[in-house]
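The values are calculated or read from the model by the stated rules, or taken from the named source; none is laboratory data. Quick caveat, the model's predicted, so the values are computed rather than measured. Glycine also receives a Cβ, built like all others from the backbone with ideal geometry; neighbour counts cover every protein chain displayed.
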Amino acid sequence: MDYSRIRKILNPESLADRVVMAAGCGSGNAPALAELAKNGVTRFELWDHDVLEPVNLVRHVLGRASLGRNKAEAMADWIMDRNEDARVTVHPCKIEDSPAFAAGVAAKDAFRLVLCGVDDMNARYRINRLCVEQATPMVAAMVFRRGMGGMVFRYLPGQGGCYNCLTEFARQHGMMIEEAESEPTGATDEQVYGLGLDAFEKNPGLSIDIGFISLIMARMALEALVPDDGRRDFPPLRSNLIAFANRPDPAQGMKKFFQAEHFFLHPQADCVVCGV
Ligand SMILES: [Zn+2]
């Protein structure tokens, strides 16, 4: 891979020992994986049990040549086609059926980061718990209903709260939770749009809408992966939660197009996963 046009921005060799573990290779994670592969990440471990179907083509990175193939296997080929230095391990199964996933999160052979793009809230909580227990960084993304926008959350051990803390945080901020497919119900304060949503695959949204969220996810992941060795020309990101509106959405308190709100989520004292 000829990195000459990005070398002044980051040092791709500094990413050689970084491993990105993708929990899911759906329409949310796939663009983030593609961007990381272009920007010097070469070690990937991919999980997905799903097969690419015609209905996926309006959102997914993969094209018609991959129809009927396992998404993780096809995405591995996409990555290796783009970056000849890439080494990709494929797990065409569900995270919960994969002892290799838990082993990977626990492995200390390299700096590991989990890219969480699963479409199941319970799976997301399980992955968060594993990451907290093993002090492994994680970036998770969720989209709001109808592609209004979304959220990207980053867990870095010892630097802020975990994904489970988000629920408590949301309650404190009067945000509302609901399932992705359902309509707003007139909403009690207990509900938070966008949190714990059945994110990418089930949630309606244009690929463009989801793409913004995936790019923020990729950028937050890259920012954590690149060592702060004085050879990158971007400052450290201080926030660990970014809410992004593709268009005005009063239900989210978002008034503008392309509005980004940054938060720093502290560990919540009553969090059952990371609480002290
Ligand atoms: Zn927590």
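One line per residue, one yes/no per condition, for (1) surrounded by fewer than 17 Cβ atoms within 10 Å (Cβ to Cβ); (2) closer than 18 Å to residue 32 by Cβ; (3) free of Cβ contacts under 8 Å to residues at least 12 places away in the same chain:
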residue	(1), (2), (3)
121	no, no, no
131	no, yes, no
136	no, yes, no
139	no, yes, no
146	yes, no, no
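Quick one: would you say residue 30 is in a helix (DSSP H, G or I) and not basic (Lys, Arg)? Answer is yes for this residue. Pull up region 1-27, narrow it to residues that are of a type outside the set (A, V, I, L, M) and outside any loop (DSSP other than H, G, I, E, B), then point me to the one that is surrounded by the most Cβ atoms within 10 Å (Cβ to Cβ). If we take residues in region 1-27 being of a type outside the set (A, V, I, L, M) and outside any loop (DSSP other than H, G, I, E, B), then 18 is surrounded by the most Cβ atoms within 10 Å (Cβ to Cβ). When residue 96 is tested against (1) farther than 18 Å from residue 32 by Cα; (2) more than 16 Å from the ligand (Cβ to nearest atom); (3) modelled with pLDDT of 95 or more, just one condition goes unmet, and that condition is (3).
A search for C-beta distances below 9 Å between a residue of region 71-90 that is under 20 Å from residue 104 (Cβ atoms) and any residue that is buried (at least 17 other Cβ atoms within 10 Å of the Cβ) and among the basic types (Lys, Arg), counting only pairs 6+ apart in sequence or on different chains, returns 86/43; 87/43; 88/43; 89/43.
Considering each residue of region 249-276, count those that are away from the ligand (no atom under 16 Å from the Cβ) and either charged (D, E, K, R) or at pLDDT 90 or above (or both), and give that number. Total satisfying the criteria: 9. Residues that are free of Cβ contacts under 8 Å to residues at least 40 places away in the same chain, within 16 Å of residue 137 (Cα to Cα) and either assigned to a helix (DSSP H, G or I) or under 14 Å from the mean Cα position of the chain (by Cα) (or both) within region 220-264 comprise just one, 223. Can you find a residue in region 192-213 that is at pLDDT below 70, surrounded by 14 or more Cβ atoms within 10 Å (Cβ to Cβ), more than 16 Å from the ligand (Cβ to nearest atom) and basic (Lys, Arg)? Yes: region 192-213 contains one or more residues that are at pLDDT below 70, surrounded by 14 or more Cβ atoms within 10 Å (Cβ to Cβ), more than 16 Å from the ligand (Cβ to nearest atom) and basic (Lys, Arg). Hey, among the residues in region 104-162 that are under 30 Å from residue 247 (Cβ atoms), of a type in the set (Phe, Trp, Tyr) and out of contact with any Cys (no Cβ under 7 Å at 6 or more places or on another chain), which one's farthest from the ligand (Cβ to nearest atom)? Within region 104-162, the match that is farthest from the ligand (Cβ to nearest atom) is 144. The set of residues in region 48-62 that are surrounded by 15 or more Cβ atoms within 10 Å (Cβ to Cβ) and in a loop (DSSP other than H, G, I, E, B) comprises 48, 49, 50, 52, 59, 60, 61, 62.
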